[in-house]
Amino acid sequence: MDTTYEIHIGKLIRQVLDKQGRTITWLAKEIGCSRENLYKIFKREWIHTDMLQKISLALGYDFFKVYTEWYERQKNQ
């Protein structure tokens with residue numbers, strides 16, 4: 001099984017967080033996890049959907065749309 005991902009969701013979450021000028025402490029509080037856990041998430045290429053949903057709501061950014069757009073590009077090739 002290929003474990004290479006075209007979308008590195010952890011990096012994308014960090015980029016959106018930084019672009020919004022929010023802190024890791026703020027996001028950790030919003031989603032109910034530790035800062036240490038967030039640092040681990042930033043390093044991951046994948047994330048559980050329940051956590052992605054919490055992060056999406058906190059940041060007001062539809063991370064699921066990133067996957068939908070990727071899927072549509074793949075389907076149309």
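Coordinate-derived values only; no laboratory data. Source: prediction; values computed, not measured. A quick note on method: Cβ atoms are made from the backbone with ideal geometry, for glycine too, and the neighbour counts reach across all protein chains shown.
Collect the residues in the stretch 37-68 that are within 14 Å of ILE7 (Cα to Cα) and of a type in the set (Ser, Thr, Tyr), keeping them in residue-number order.
TYR67, THR68 - these are the residues of the stretch 37-68 that are within 14 Å of ILE7 (Cα to Cα) and of a type in the set (Ser, Thr, Tyr).
Give me the helices (runs of 4 or more DSSP H) completely within the chain, filtered to those with at least 1 residues that are surrounded by 14 or more Cβ atoms within 10 Å (Cβ to Cβ), of a type in the set (Phe, Trp, Tyr) and in contact (Cβ under 8 Å) with a residue 12 or more places away in the chain, ordered by residue number.
In the chain, the matching helices (runs of 4 or more DSSP H) lie at 35-43, 63-75.
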